[in-house]
Amino acid sequence: MTLRSLPKSPAPHRVVALLQPPQSTFPLACAAEVFGDHGPAIPARYAFEVCTEQPGPVSTQAGYGLLVTAGLDALEHADTVLVPGWQQAPGTEVPPAVVAAVLRAHRRGARIAGICSGAFVLAAAGLLDGRRAATHWAQAAELAARFPQVQVDPAVLYVDHGDVATSAGSAAGVDLCLHLVRADQGAAYAMRIARQMVMPPHREGCQLQYAELPTSGPVADSLAPLLEWVTGRLDQPVSVAEMAVRSQVSARTLTRRFTEQLGISPGRWLLDRRIAATRALLEETDLPVETIAHRVGLSSAVNLRRRFHEALRTTPAAYRRTFRADEVR
């Protein structure tokens with residue numbers, strides 16, 4: 001198998017993080033790790049910078065300050081505006097200048113993304129009206145109360161509408177950022193960043209598995225060992241019955257656990273993993289479709305093409321051409 005080298009992007013995608021004191025450092029660091037410099041092993045396709053309403057020292061919740069020299073005018077050349085948290089007292093209004101700058105960027109065509117409580121800024125700008133949105137589970141009720149026109153989903157890790165995206169609590173910002181990279185640059189590029197960060201390229205489940213339980217009681221068994229076992233055997237025909245035997249439960253119980261913890265059926269989850277593996281192989285190798293089909297457990301090129309088209313509304317050949325396009329520019 002020959003791995004394809006990743007080409008450099010002729011025009012880096014500019015990501016500008018909008019900070020506000022007291023800035024939460026973890027979601028900012030998550031975004032910087034995904035969109036920042038990864039060294040010579042991974043070609044730079046993003047340019048990451050920060051700005052704030054009042055340039056100068058910006059206090060953080062970690063007890064140290066950040067010197068931010070760029071003001072809101074930095075948003076004027078952003079391809080993506082990122083709000084990595086918004087740690088204000090409940091009921092605090094987003095400054096009008098910030099709202100106006102975010103709206104100008106959106107109208108110009110920039111993508112606006114909020115990590116964790118950053119969703120409050122997007123909601124204040126009206127960008128989430130009539131749309132589903134995510135935020136930290138502990139702040140979901142406040143977001144819904146302050147902005148009743150927003151369809152707050154307290155369960156999901158992130159929601160992406162294309163022009164606007166939001167994520168759950170801090171670490172879910174990594175999930176959202178890697179998802180945006182996948183959408184921009186393809187699964188293989190996102191996978192290389194995730195591998196360097198020692199992160200799964202796609203985390204399973206929803207944020208409710210981390211929320212405080214309203215009542216005491218037994219917690220459902222984790223599916224993690226089973227998911228790891230199946231992922232290592234994508235080239236083999238694994239049935240739901242075999243997965244149930246591996247977990248020492250009935251097929252019905254296994255299906256219930258998948259629905260509760262991941263929100264999908266075992267069969268759907270397995271097919272999603274096979275499609276994800278197919279995408280990476282199409283992007284990174286020259287393997288024929290028939291060979292890829294056997295490597296990801298889809299049995300034949302005919303079956304792979306059918307499943308791939310159902311999932312992505314395109315063919316493997318067209319997908320491969322799309323993510324090879326940068327090589328000939």
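Structure notes:
- Protein accessible area in the stretch 265-313, 1.4 Å probe - carbon and sulfur %: 52 percent
- Annotation: per residue accessible area for the stretch 251-302 equals 43 Å², rounded to a whole number [probe 1.4 Å, protein chains only].
- Other-chain or far-sequence residues with amide H under 5 Å of residue 133's (modelled H): 151, 152, 153
- Taking all protein chains as shown and a probe of 1.4 angstrom, residue 283 keeps an accessible surface of around 20 Å².
- Between the stretch 132-152 and the stretch 44-114, the alpha-carbon center distance in angstrom: 20 Å
- Neighbourhood charge, 10 Å Cβ-Cβ cut-off, centred on residue 181 and excluding it, Lys, Arg +1 and Asp, Glu -1: +2
- Highest-MSF residue in the chain out of 32, 318, 110 [GNM, Cα springs under 10 Å]: 318
- Each residue, residue 183 and residue 131, gets one label point 7 Å from its Cα in the Cβ direction; the gap between the two is 0.9 nm.
- Chain lengthening between residue 314 and residue 241 when straightened (0.36 nm per residue, less Cα-Cα): 23.2 nm
- Table column - 3J(HN,Hα) (Hz), the stretch 241-256, Karplus curve with 6.51, -1.76, 1.60, x for Gly and Pro: 4, 5, 5, 5, 4, 4, 8, 6, 9, 6, 4, 5, 5, 4, 4, 5
- For the stretch 75-86, 3J(HN,Hα) per residue [Karplus equation, 6.51 cos²θ - 1.76 cosθ + 1.60, θ = phi - 60°, Hz, x = Gly/Pro]: 5, 5, 10, 7, 8, 10, 9, 10, 10, x, x, 8
- Inverse of mean 1/r across different Cα pairs in the chain, Kirkwood, Å: 21.4 Å
- Efficiency of FRET from Cβ geometry, residue 195 and residue 97, R₀ 51 Å, rounded to 0.05: 0.80
- Residue of 164, 68, 245 that the Gaussian network model of the chain assigns the largest fluctuation, springs spanning Cα pairs under 10 Å: 245
- Per residue value of the accessible surface for the stretch 95-158 (all protein chains in place, 1.4 Å probe), Å²: 38 Å²
- Accessible area (Å², 1.4 Å probe, nearest 10) - residue 67: 130 Å²
- Computed helical MRE - 222 nm, the chain, DSSP H runs ≥ 4 contributing -39500 (n - 2.57), nearest 500: -12000 deg cm²/dmol
- Amide H to amide H distances under 5 Å link residue 168 with 116, 158, where only residues 5 or more positions off or on other chains count and H is placed in the peptide plane.
- Taking every DSSP bridge with both residues inside the chain, close to 25 percent are antiparallel.
- Scanning residues 5 or more positions from residue 47 or on other chains, those with amide H under 5 Å from its amide H are 13, 14, 15, with H placed 1.01 Å from N in the peptide plane.
- Summed residue charge, Cβ within 14 Å of residue 302's Cβ, Lys/Arg positive, Asp/Glu negative: +1
- Whole-number accessible area per residue in Å² for the stretch 22-63, which is evaluated in the context of all protein chains at 1.4 Å: 44 Å²
- Accessible carbon and sulfur surface of the stretch 32-131 relative to its total accessible area, %, 1.4 Å: 53 percent
- Per-residue ³J(HN,Hα) for the stretch 63-74, Karplus 6.51 cos²θ - 1.76 cosθ + 1.60, θ = phi - 60°, Hz, x for Gly and Pro: x, 10, x, 10, 9, 10, 8, 9, x, 5, 5, 5
The values are calculated or read from the model by the stated rules, or taken from the named source; none is laboratory data. Here the structure is a predicted model, which is why all the values come from computation and not from measurement. Reconstructed Cβ throughout: ideal geometry from the backbone, glycine too, with neighbour counts over all protein chains shown. Side chains are part of the model used for accessible areas, which takes the heavy atoms of the whole protein and leaves out ligands, DNA and RNA. Shrake-Rupley method; radii C 1.70, N 1.55, O 1.52, S 1.80 Å.
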